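Asker: Below is the structure I would like to discuss, written out as structure tokens.
The values are calculated or read from the model by the stated rules, or taken from the named source; none is laboratory data. Everything quoted here is computed from the prediction, not taken from an experiment. Cβ atoms come from the backbone with ideal geometry, glycine included; neighbour counts cover every protein chain shown. SASA here: full protein model, heavy atoms, side chains in, ligands and nucleic acids out. Shrake-Rupley method; radii C 1.70, N 1.55, O 1.52, S 1.80 Å.
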Amino acid sequence: MQQDSTQIGGQVRSFPTTQWNLIQSLRSCAPEIKNQILDGLIARYWKPVYYFVRSQGHGNEEAKDLVQGFFAACLERDALAQADVARGRFRTFLLTALTNYMRNVHRDGNAQKRRPAGGILSLDALVDAEDVAFQPPTNETPEHIFSRTWAQDLVHRVLRALEDECAVTGKQDHFALFRARIIEPALEGTKAPSLAELAPRFGITEKQAANYVLTARRAYQRLLRDEISTYALSEEDAAEEVGNVYNMLGHSQ
């Protein structure tokens, strides 16, 4: 395969459907394989679920119990295996299931502690590992918080992949410049430092700094699309989702 000139490292991958293949395999795989797949799905989606619950006024411990209870209920009913690519995005399916679960818990007054059977990830460990600090928003719906948290988590995964790729290819300064110039201002809502300000920190010219940022930006866009392509419904949906992520986080492509 021909190397992409916009890449920092690695090669362009063909369009995958990895997540949907995994979800479909839940219907027929062995129990131990099912647990591994479910662990991966929980690890990927627990944070937007947790933030959705917290945004409805629940404290940390109660929210962890509710989220763990939600995933336990999904496992007991084999609900995640019912997600269907023909019906739309998996996170939409998950949010609908979560909304119904929260409604039932509120109706029944049943927020008791529940832990899935052996082999499934503990939410306590996941929350503690990331030192989650929830700040109640002022003007966001729980649904928007769910989507924004999902997008932020996805971007952080992509940034970790980009940082690793830059480290392997000796382009750590490319990553550092890109993060300082583009990512941190977008995620933190601050003014982006100028290239004239950043370039001296790395001992390079302003033009070189611009080229570093452009190279890293193209690699970031490629990795973001690769990540989204693992669960998107089609090439067109992947392109739309890339735009959705940028819009949710308030920065341009």
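Asker: Return yes when Leu223 is within 24 Å of Thr92 (Cα to Cα), of a type outside the set (Ser, Thr, Tyr) and either open to solvent by 70 Å² or more (accessible area, probe 1.4 Å) or in a helix (DSSP H, G or I) (or both) and no when it is not.
Answerer: When the stated conditions are applied, Leu223 passes them.
Asker: Shifting gears a bit: Cβ-Cβ distance below 6 Å, separation of 6 or more or different chains: which pairs start in the stretch 156-175 with a residue that is within 17 Å of Arg218 (Cβ to Cβ) and end on one that is hydroxyl-bearing (Ser, Thr, Tyr) and open to solvent by less than 50 Å² (accessible area, probe 1.4 Å)?
Answerer: Between residues of the stretch 156-175 that are within 17 Å of Arg218 (Cβ to Cβ) and residues that are hydroxyl-bearing (Ser, Thr, Tyr) and open to solvent by less than 50 Å² (accessible area, probe 1.4 Å), the close pairs are Leu162/Tyr220; His174/Thr215.
Asker: Filtering the stretch 222-253 down to residues that are touching a residue at least 60 places away in the same chain (Cβ under 8 Å) and polar (S, T, N, Q), which residue is farthest from Gln24 (Cα to Cα)?
Answerer: Out of the qualifying residues, it is Asn244.
Asker: Looking at the stretch 48-101 only, could you name the residues that are in contact with a helix residue (DSSP H, G or I) (Cβ under 8 Å, 6 or more places away or on another chain), open to solvent by less than 30 Å² (accessible area, probe 1.4 Å), over 22 Å from Ser234 (Cα atoms) and among the charged types (D, E, K, R)?
Answerer: Lys64
Asker: While we're on this one: Which ones in the stretch 54-92 are closer than 18 Å to Arg44 by Cα, of a type in the set (Gly, Ala, Ser) and either in contact with a strand residue (DSSP E or B) (Cβ under 8 Å, 6 or more places away or on another chain) or in a helix (DSSP H, G or I) (or both)?
Answerer: Answer for the stretch 54-92, where residues must be closer than 18 Å to Arg44 by Cα, of a type in the set (Gly, Ala, Ser) and either in contact with a strand residue (DSSP E or B) (Cβ under 8 Å, 6 or more places away or on another chain) or in a helix (DSSP H, G or I) (or both): Ala63, Gly69, Ala72, Ala73, Ala81.
Asker: Out of Tyr231, Tyr246, Tyr220, Tyr212, I need the residue that is over 30 Å from Asp84 (Cβ atoms) and under 17 Å from the mean Cα position of the chain (by Cα). Which one?
Answerer: Result of the check over Tyr231, Tyr246, Tyr220, Tyr212: Tyr220.
Asker: Let me ask you something else. Output yes when any residue across the stretch 192-209 is farther than 20 Å from Glu165 by Cβ, within 24 Å of the chain's Cα centre (by Cα) and of a type outside the set (D, E, K, R), and no when none is.
Answerer: yes
Asker: Could you give me the residue pairs with C-beta distances under 6 Å whose first residue belongs to the stretch 39-50 and is within 10 Å of Phe71 (Cβ to Cβ) and modelled with pLDDT of 80 or more, whose second residue is buried (at least 22 other Cβ atoms within 10 Å of the Cβ) and among the β-branched types (Val, Ile, Thr) wherever it lies, and which are 6+ apart or on separate chains?
Answerer: Partner pairs satisfying both residue conditions: Val49/Val67.
Asker: How many residues does the stretch 186-201 hold that are in contact (Cβ under 8 Å) with a residue 24 or more places away in the chain and open to solvent by less than 50 Å² (accessible area, probe 1.4 Å)?
Answerer: So the answer is 1.
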